[in-house]
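Structure first, then comments.
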Amino acid sequence: MSRRALVRSAAIAALLAALVVLPHFLQFHHQDFLIFLGINVLVVVSYRLMTLTGEWSLIHVVMMGVGAYASALLAKQLGVSFWLSMPMAGVVAASVAALLSFPLFRMTQFYFLIGSFAVGEAIRLAWIYFVFPFGGSSGINNVPVPELGGLDFFEPVTYFYLVLAVVTLSLAILYRIENSRIGLTLLAVHWKAPLAESVGVDTWRYRALAFVVASFFVGIAGALKVHYLGIVTPHQFGVGVMVFVLIWVILGGYNTFFGPVIGAVVLSILDEAIRQFNDELSDIVNFDFAVMRPAIYGVLLIVVIMAMPRGLESIAPNIATWLRERRGR
Amino acid sequence: MELFLQSIVNSLIQGGFFALWAVGLVLVFGVMGVVNFAHGELVMVGAYCIWLMHAQYETPYLVALVLAVLVVMLLGVGMERFLFRPKREDVLGGLINSIGMLFILQVAAHVVGGTGPAKQVAPPFSGTLVLGELLRLPYQRLFALAVSAAALLVLFYFLTRTRLGWSLRAVALDREAAALQGININRTSMIAIGVSGALAGLAGALMAPMTNIYPHMGHNVIITSFIVTIVGGIGSLSGAVLAAFLYAFLHTFVTAYVSGTVATMSGLLIMVLVLIVRPTGLVGQRVSE
């Protein structure tokens, strides 16, 4: 193992160790926050696999919903154990994605963006319209929590460990995919589609493959979410939520594997800080700053896209270059 | 029968609104190459202007209507100057900026109007035209239909009969060639989004007395505009108007006889179908690569 790989493994091990200890120092409220953060990290990283092919979809969050509904229905209506329904959620989301690939990947670029939005919105409206089995607007509640030996998954710390394990494993797999031959082919499909086709790469198949794999993992993220919340509704997967995922990915930067993770973590923490600041301030001044939060996001979005088109991930390299230039002088 | 006749009239009025929404989106996309996700919020701002100026401060409705059109037009021009112009070569950047603007405008509406239930504005034109025994036409709706039809006619005159309109269409066809002919791209962009904003503000102001006004009302506007734009053929104004009325008929009748959810769902599916089977839409033309 090279020195670089060794350092990186050590860093990841240290990060994981820190994450294992961290929840014990936090209040209930922050443990809760950490669980959703873990799930959101899986959402953005799986989305990034999609963007490798150069296609930006607006259906990713709806696929998360497909997984969430699948797991909730399996667990509640058929009494399937969580340990089976969670992977099944991924399989169902992947299968739906495979079916949708046929119409969706006849489009590219802007048309694909709009097409994926339309199909996603139609699926979401179907959840609202078909009260059986999806429960209409109010969705499905009382989704059972996982059971395993004597572990209490009502306890956020225990559930956090579950999320940590699943998300870490998924991230490792996604990282391997990205750095494999398949990942390189996906990049070729993005940047040199005609060339890739001329050497025998079926670009349609690779676009579809990225969509199916991304949907599998986001379906699992959906299952993790629904079994923690105990409820799933169509409104959890609206286009508004998708916009936040886009913001995380774009602000973090989508040129490296960890860019979207940085975006999701930094912005979620910022969001949480604003919320707390708001709670304390609204006691003093009679104004609810909670309604202001989207505007703060909006301003941030515009400022970052104007000042750092490559996202937050470019801060560290930029500083490194700046230091090097200073030393050079 | 009564429901049938009433639905036809409602479809025509809805179609007028749909056309005003979509034409603005098409114009900005054509001339500037920007997908303005905040377009629905421009309509929302128009409606809020009426609520604020007419319902709260008792400005006469027609004066408030003109002011609303001006306010939204200036808002659009400001967006072009500060958000879209620096990102002209970066489609994703322009889109992201419009999403940022969407949030800001929604929050601005929250701050101005406060939270709480949706606002309603009493119709300034009371009275109803009763035709026969079956058809009842409130003057407010007739006014809205007449004004939106007039606005569309003026727009078509502008685009097909004036030099400025020609330059707009030239930029939409080929930006570089237009620039080489001495057409000022910055100025045409500003005019395009100014017209787009004016139409959005007009639509919002006309809708205000007959709809619920709330910060997220733009969501429905943007979904409908996308459906209409794509079914009509991206970049085609006449296609958008045709599709607006067709979709209004479909949406109104399915809503009246089945349900509103199914109406939107079928619209979305028709849009996907058009994207797959005939990406050029009803009127659009094939563009060579």
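Bear in mind these aren't lab numbers, they're just calculated from the coordinates by the rules spelled out. Because the structure is a prediction, the values reported are computed rather than measured. Positions of Cβ are generated from backbone atoms using ideal geometry, with glycine treated the same way; all protein chains shown enter the neighbour counts.
Compute the Rg/Rh shape ratio of segment A:214-269: radius of gyration over Kirkwood radius, all on alpha-carbon atoms.
1.01
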Per-selection Rg to Rh, segment A:224-323 - Cα, Kirkwood hydrodynamic radius: 1.05
Amide H contacts of A:Ile231 (H built 1.01 Å from N, under 5 Å, at least 5 apart or other chain): A:Val143
Excluding exposed DSSP-loop chymotrypsin sites (Phe, Trp or Tyr not before Pro) (at most 16 other C-beta within 10 Å), longest clean stretch of chain B: B:126-289
Label-zone membership for segment A:47-68, site A:Val91, 7 angstrom Cα→C-beta point, backbone N under 16 Å: A:67-68
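If I take R0 = 60 Å and measure r between the Cβ atoms of B:Ala118 and A:Met308 in this structure, what FRET efficiency does the formula 1/(1 + (r/R0)^6) give, to the nearest 0.05?
Details: r = 38 Å, r/R0 = 0.64.
Between B:Ala118 and A:Met308 the formula returns 0.95.
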Chain A: C-alpha gyration tensor shape, a/c 1.5 cut-off, then a/b vs b/c: rounded
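How large is the convex hull of the C-alpha atoms of segment B:162-233 per residue, in Å³? Can you show the working numbers first?
Working: hull volume 8.6 nm³, N = 72.
Per-residue hull volume (Cα only) is 119 Å³.
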Segment A:93-139-segment B:1-57 distance, computed between alpha-carbon centres (Å): 26
Segment B:20-68, relative contact order [Cα under 8 Å, separation at least 6], %: 26
Label-zone membership for segment B:235-257, site A:Phe110, 7 angstrom Cα→C-beta point, backbone N under 19 Å: B:235-244
Top of B:Ser167, B:Ser196, B:Ser148 by mean-square fluctuation, Gaussian network on chain B, Cα under 10 Å: B:Ser167
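Report the relative contact order of chain A, percent, no decimals, based on alpha-carbon pairs under 8 angstrom and at least 6 residues apart.
Numbers: 420 pairs, mean separation 92.5, N = 329.
Dividing the mean separation by the residue count of chain A yields 28 percent.
Can you pull out the GluC sites (Glu not before Pro) in segment A:109-206 that DSSP calls coil and that have at most 12 other Cβ atoms within 10 Å?
Values: sites: A:Glu121, A:Glu147, A:Glu178, A:Glu197; in loops: A:Glu147.
Sites meeting the loop and neighbour criteria: A:Glu147.
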Distant alpha-carbon pairs in segment B:209-249 (separation over 13 angstrom), percent: 54
Cα centroid separation, segment B:238-260 to segment B:139-177 (Å): 22
Approximate shape of segment B:44-114 as ellipsoid semi-axes (Cα gyration tensor, √5λ), whole Å, largest first: 28, 14, 6
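Find the Rg to Rh ratio for segment B:87-238, where Rh is the Kirkwood radius over alpha-carbon pairs and Rg uses the same atoms. The partial results should precede the final answer.
Details: Rg = 19.1 Å, Rh = 18.5 Å.
Value, to two decimals: 1.03.
After finding the eigenvalues of the alpha carbon gyration tensor for segment B:1-104, what semi-axes result from the square roots of 5 times each, listed largest first in whole Å?
Numbers: eigenvalues 171, 84, 22 Å².
Whole-Å semi-axes of the equivalent ellipsoid: 29, 20, 10.
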Modelled FRET efficiency - R0 41 Å, A:Ser81 with A:Trp191, Cβ distances, 0.05 increments: 0.40
Rule-of-thumb Rg ratio for segment B:74-143 [Cα; 2.2 N^0.38 Å; N residues]: 1.83
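What FRET efficiency comes out for A:Leu229 versus A:Leu270 if R0 is 25 angstrom and r is the Cβ-Cβ distance? Round to the nearest 0.05.
Computed FRET efficiency for A:Leu229 and A:Leu270: 0.65.
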All lysines inside 23 Å of A:Lys225 as judged from Cα atoms, apart from same-chain residues fewer than 8 positions distant: A:Lys76
Separation of the A:Val157 and B:Ile8 label points, Cα + 7 Å toward Cβ, nm: 7.2
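By its C-alpha gyration tensor, with a ≥ b ≥ c as the square roots of the eigenvalues, how is segment A:1-112 shaped: rounded for a/c under 1.5, else prolate for a/b larger than b/c, else oblate? Mind showing how you got there, number by number?
Details: a/c = 2.19, a/b = 1.28, b/c = 1.71.
In terms of gyration-tensor shape, oblate.
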Span from the segment A:71-87 Cα centroid across to the segment A:212-272 one, whole angstrom: 22
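Just the number, please: Stokes-Einstein D of the protein assembly as shown in µm²/s, Kirkwood Rh from C-alpha pairs, 20 °C, 1.002 mPa s. If you can, show how the numbers build up before the last one.
Values: Rh = 26.2 Å.
Rounded to a whole number, D works out at 82 µm²/s.
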Column: log10 I(q)/I(0), Debye, Cα scatterers of chain B, q = 0.09, 0.16 Å⁻¹: -0.42, -1.34
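Over all distinct Cα pairs, what is the inverse of the mean 1/r for segment A:67-170, reported as the Kirkwood hydrodynamic radius in Å? Each step should come with its number before you reach the end.
Numbers: mean 1/r = 0.0631 Å⁻¹.
Computed over segment A:67-170, the radius equals 15.8 Å.
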B:Thr280 paired with B:Leu131, simple spin-label distance in nm, labels 7 Å along Cα-to-beta-carbon: 3.7
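Relative to the present Cα-Cα distance, how much length would full extension add between A:Glu280 and A:Ala5 at 0.36 nm per residue of separation? Provide the component values of the computation, followed by the final result.
Details: separation 275, 0.36 × 275 = 99.00 nm, distance 4.50 nm.
So the chain would gain 94.5 nm between A:Glu280 and A:Ala5.
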Separation in nanometres of the label points that stand 7 Å from Cα toward Cβ, at B:Ala146 and B:Val66: 1.7
